[in-house]
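What follows is a single structure, written as structure tokens, with notes after it.
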Amino acid sequence: MPEPTTADTTPDIRSARRSAAEYAQAFADIAPRFTRAQAVVEAERCLYCYDAPCAAACPTHIDVPRFIKKISTGNLRGSAQTILDANILGLSCARVCPVDVLCEGACVMHRYNKAPIEIGRLQRYAMENAKGVRLPPRAANVNFRVACIGGGPASLSCAAELRRHGASVTIFDNRALPGGLNTYGVAEYKLRPADSLREVEMVRAMGVDFLQAEVGADIPLELLEREFDFIFLGVGLGAMERLGLPGDHLPGVIDALRFIERYKTQPDFQVPGTVIVIGAGNTAIDAANAAVRLGAQDVHIFYRRGEIEMPAFLFEYDHAKVEGVRFHWMAQPVAIVERDGHAAAVRFLSTQLGAPDSKGRRMPEAIPGSEFEVACDLVIPALGQSRLTAMLPVEVEGGVIKTDRATGRTGNPKYYAGGDCVNGGREVVDAVADGKRAALGMVNVGQASRPVHSQTLDHNHG
Ligand code: SF4
């Protein structure tokens, strides 16, 4: 997995201890849990559509009407089982999926000018309240070995699906805790590390082995190639792009992913003063909202294009405005201004939109003489993650791994891949779907080339 290359530039972020209760309050959920009565009422609104568009809109094709129906009849275990059969990370997806543009966006209720069924909250209700859920059953009909490199959602999903078919799987992850961005990179008010690790434990309980090691440094790739029949690459993307401006190395400048990781791993982390976030994608908004909740007095997002061109989802934008984040359009940073060895302001130029690029996006052009400065205490660039640069024995095009979409297979038959390193950085649920597809791709090839063993695996292995 590519290591972040940016230096740690935040030694002087001021922190003050806050109690666990204060922390929980600061990161209260955006969408509170359903009570039992609320869940049943909401479930009974569902029309249980045949050929349900909500299920078709889910990249993992969870049988949405089926799991909702089970909530309405009080069968929470069956409901959670239905979710897990399709998506082993059903809990985290219930928390982080952009449901407005996926299942809920497709709900037929829109056609009747009614509010869509709150599928995300119902899924969360089932996953959090079901007791005695059995893990998805195993067919146990293959006996090959797979190494998954990277411990994020794509690898977890791939590993779980492979175990359901009887393959032996080891996940190699270079971080202290598995779970990838689910553990380290999702805003706290959406998903807590404990929930991510709960899902990791579920995958471990299916018999998946986890090893903390950096492939290429601690373990040679050639060794994995010898020891395993297939290798799944779920390595994600690289560190966030740097601004590449004077002063971007200063203390008081930290990229959005490192900022999110920092406050999630240091619960007493606080951010007083004025914060400037540069960029207007979903991660930028996660960081800005977190800064508000961590105690910043003013949080500003600056973007070099206009509101219409903003890459963040509309519901994320609306939510950030409610949190108190202030947005500024058509402003391009040109330097971080230093005072006493610390970032003290950002210098901007106003922009205007020029001719479209090859993808049809109008390019921002700086307006000469329009320079202005905004004082701040912390700068958080959120420019997206860098593309793959690691030397991998697979074809990389445009910074992502080339695969066959249906099977996740790369041009090298030993290697499969999925998640951000293939799709360039999409949702958790997309990574889960990729991992599942790749697992089934391996199972199909493995079944054709290896003897089928009929065996019953111990459900509590591992
Ligand atoms: Fe229920 Fe809406 Fe899905 Fe139909 S589309 S099954 S009403 S959630």
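Here, each number is a calculation from the coordinates, and none is a lab measurement. All values derive from a computational prediction rather than experimental measurement. Here the Cβ is made from the backbone with ideal geometry for all residues, glycine too, and neighbour counts use every protein chain on show.
Observations on the model:
- Its Cα gyration tensor gives the chain an equivalent ellipsoid; the semi-axes, largest first and in whole Å, are 38, 28, 21.
- Net length gained if the chain between Asp100 and Glu201 were fully extended (0.36 nm per residue, minus Cα distance): 33.4 nm
- For Val337, the amide hydrogen comes within under 5 Å of the amide hydrogens of Ala344, Ala345, Val346, Arg347, counting only partners 5 or more places away or on other chains and with H modelled in the peptide plane.
- Helix 36-45 axis, angle to the chain major axis (alpha carbon atoms, nearest 10°): 80 degrees
- Across Lys70/Lys436; Lys69/Lys114; Lys70/Lys190, pairs whose alpha-carbon gap is larger than 22 Å: Lys70/Lys436; Lys70/Lys190
- Relative to the longest principal axis of the Cα atoms of the chain, the long axis of helix 193-205 lies at roughly 20 degrees.
- Distance between modelled label sites at Asp209 and Arg361, nm, 7 Å Cα→Cβ extension: 4.3 nm
- Alpha-carbon Debye profile of region 32-129, log10 I(q)/I(0) at 0.11, 0.12, 0.17, 0.25 Å⁻¹: -0.25, -0.30, -0.63, -1.51
- Efficiency of FRET from Cβ geometry, Tyr50 and Asn141, R₀ 45 Å, rounded to 0.05: 0.90
- Once both labels are positioned 7 Å from their Cα atoms along Cα-to-Cβ, the gap between Asp218 and His328 label points is 4.3 nm.
- In region 104-140, trypsin sites (Lys or Arg not before Pro) in a DSSP loop with at most 14 other beta-carbon atoms within 10 Å: Lys114, Lys131, Arg134
- Using only alpha-carbon positions in region 256-381, the gyration tensor eigenvalues give semi-axes of 25, 19, 11 Å once each is multiplied by 5 and square-rooted (largest first).
- Axis angle, to the nearest 10 degrees, between helix 428-449 and the longest C-alpha principal axis of the chain: 40 degrees.
- Measuring how big region 203-272 is from its alpha-carbon positions, Rg and Dmax come out at 18.2, 52 Å.
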